[in-house]
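Here the structure comes first, spelled out in structure tokens, and everything after it is commentary.
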Amino acid sequence: MPDTSSREILIFGAGNIGRSFVGQIFGRAGYAPVFADVDRGLVDALNRQGTYTVVHRHPDGHEERLSIPDVSAVRADDPDAVEPVLQRVRFVATSVGAAILPKILPTLAEEAIRRYESGRTPFNLILAENIHGGGEMARDAILAHFPGGPGEVHYEGSTPHGGVPGVVECSVGKMVPIVPEELRRKEPTTVYAEAFNTLLVDADGWAGPLPDVPQIRPVRPIQAWVDRKLYIHNLGHAATAYLGHLYRPELRYIKDVIDDASVYREVRTAMEAAGTGLQNEYSGVFSDNDITGHIEDLLYRFASPILGDTVFRVGRDIRRKLSAGDRIAGALHLLRRHQLPTDAVERIYRAALHFRAQDETGNLFPEDERFHRELQAHPEPTTFLAELSGFDPYTDAPLLERLLGDG
């Protein structure tokens, strides 16, 4: 099977993670990043410069400026520009979010079919998305376009067979500081990032060899590591916002509230509880350091003064963060499945129900305002929470009553 692929990688999404993480680690490993984005100004700037800068900001205040070479960009909404690049690459990455990813998959499926029918080397789709179940969703969407569907070509688990593309789910743990507006205007392609630089990828999802990128760490099963991101990193981050607003509503930044001893203690306890649940769920996958060392590292990073994360930004969108498969209710389901104590995570849930942090203009996040209004107006608040978080309104009634209690 001839391999006519280039040393390029096509990256859908030239936003923070696309540039600071995916483009950066591939670009520094000798690949030429080609970004596909709808932002005409950013596309033009990347093409004009042929490079961009990632500023790694360290907690001690020093900065490391990384220049990413051999960069180009195309408009994501221009098929005539995207398709020639797609036809010649072996690696495609996305960092566009859950709403946009399904819109890209039909284009990728068309190229996958062309390669399948002509006997060309399949490409690998690297999902730098943190979408729970994103790998399975993308594989199903691609196979749906193939003649004969899954009956003709298939994946065994996440491993591709029969010439179909690799679909590589990732766990993305990099946090991106806010670029000051003045710098954004002066250097529109420059992006800030914390120094954390490891991309966890599905070891079994690749069609052909993995790219030779030092910062890529293949793991299996990927679902365990995606869940670790959700139930430790995302849970802990949200817990910091919710408890911080409950105990210290006058504080604006995550770095300040995590310095409060009560907040720190309760956040850590919830993260450790979830970690125990994960070790029960995925027996033999995680070492103690994979859990406790990870928690220590995250708490250190949450306290970093360089991130500039606000309580408002981290905590907003309560409805999504309390939904059944997300970080808080999902952790409760995990712990209950293994008959483990849930008190620490219940406290986070209750704090979320009291979250009313405001943005810099003094307003609640519009969806949060709507959430509070609906919860208060509902004739059966426990039923409202049961439907939102995947609990049974009858058998889980004691839990629901506790969740509605005072923070």
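Summary table
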quantity	calculated
Residue list for the stretch 307-354, restricted to those being of a type in the set (G, A, S) and out of contact with any Pro (no Cβ under 6 Å at 6 or more places or on another chain)	G315, S323, A324, G325, A329, G330, A331, A344, A351, A352
Subset of the stretch 280-320 (residues that are in contact with a Leu (Cβ under 9 Å, 6 or more places away or on another chain), among the basic types (K, R) and open to solvent by 40 Å² or more (accessible area, probe 1.4 Å))	R316, R319
Among (1) assigned to a loop (DSSP other than H, G, I, E, B); (2) of a type in the set (G, A, S); (3) open to solvent by less than 40 Å² (accessible area, probe 1.4 Å), the one test that A73 misses	(1)
Those residues of the stretch 176-212 which are more than 20 Å from H58 (Cα to Cα), open to solvent by less than 10 Å² (accessible area, probe 1.4 Å) and hydrophobic (A, V, I, L, M, F, W, C), in sequence order	V201
Yes/no for D297 being modelled with pLDDT of 95 or more, among the charged types (D, E, K, R) and in contact with a Lys or Arg (Cβ under 8 Å, 6 or more places away or on another chain)	no
Residue that is surrounded by the fewest Cβ atoms within 10 Å (Cβ to Cβ), among those in the stretch 76-93 that are in contact with a helix residue (DSSP H, G or I) (Cβ under 8 Å, 6 or more places away or on another chain) and not in a helix (DSSP H, G or I)	A76
Any hit, the stretch 97-104, residues being surrounded by 13 or more Cβ atoms within 10 Å (Cβ to Cβ), more than 19 Å from the chain's Cα centre (by Cα) and not hydrophobic (A, V, I, L, M, F, W, C)	no
Residues of the stretch 180-196 satisfying the condition of being assigned to a loop (DSSP other than H, G, I, E, B) and either of a type in the set (S, T, Y) or over 19 Å from the mean Cα position of the chain (by Cα) (or both)	P180, E187, P188, T189, T190
Helices (runs of 4 or more DSSP H) (entirely within the stretch 347-407) containing at least 3 residues that are surrounded by fewer than 15 Cβ atoms within 10 Å (Cβ to Cβ)	366-377, 397-403
Options G27, G18, G23; residue that is under 28 Å from G308 (Cβ atoms) and in contact (Cβ under 8 Å) with a residue 60 or more places away in the chain	G18
Flag if L10 is open to solvent by 10 Å² or more (accessible area, probe 1.4 Å), in contact (Cβ under 8 Å) with a residue 12 or more places away in the chain, aliphatic (A, V, I, L, M) and not in a loop (DSSP other than H, G, I, E, B)	no
Residue within the stretch 219-230 that is touching a Lys or Arg at 6+ places or on another chain (Cβ under 9 Å) and over 27 Å from P33 (Cα atoms) present	yes
Residue list for the stretch 241-292, restricted to those being within 26 Å of R217 (Cβ to Cβ) and hydroxyl-bearing (S, T, Y)	T276, Y282, S283, S287, T292
Residue match in the stretch 53-61 (condition: open to solvent by 40 Å² or more (accessible area, probe 1.4 Å), out of contact with any His (no Cβ under 7 Å at 6 or more places or on another chain), at positive phi and at pLDDT below 95)	yes
Matching entry among I232, I222, I258 (being in contact with a His (Cβ under 7 Å, 6 or more places away or on another chain), of a type outside the set (K, R) and either modelled with pLDDT under 95 or crowded, with 21+ Cβ neighbours inside 10 Å (or both))	I232
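Per-residue answers, yes or no, for (1) of a type in the set (D, E); (2) within 13 Å of V172 (Cα to Cα):
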residue: T189; (1), (2): no, no
residue: A195; (1), (2): no, no
residue: W206; (1), (2): no, no
residue: P211; (1), (2): no, no
residue: R217; (1), (2): no, yes
residue: D227; (1), (2): yes, yes
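The values are calculated or read from the model by the stated rules, or taken from the named source; none is laboratory data. Because the structure is predicted, anything quoted here is derived from the model rather than measured. Virtual Cβ from ideal backbone geometry, glycine too; neighbours counted across all protein chains shown. Accessible surface is based on the protein model in full, side chains and every heavy atom, while ligands, DNA and RNA are left aside. Shrake-Rupley method; radii C 1.70, N 1.55, O 1.52, S 1.80 Å.
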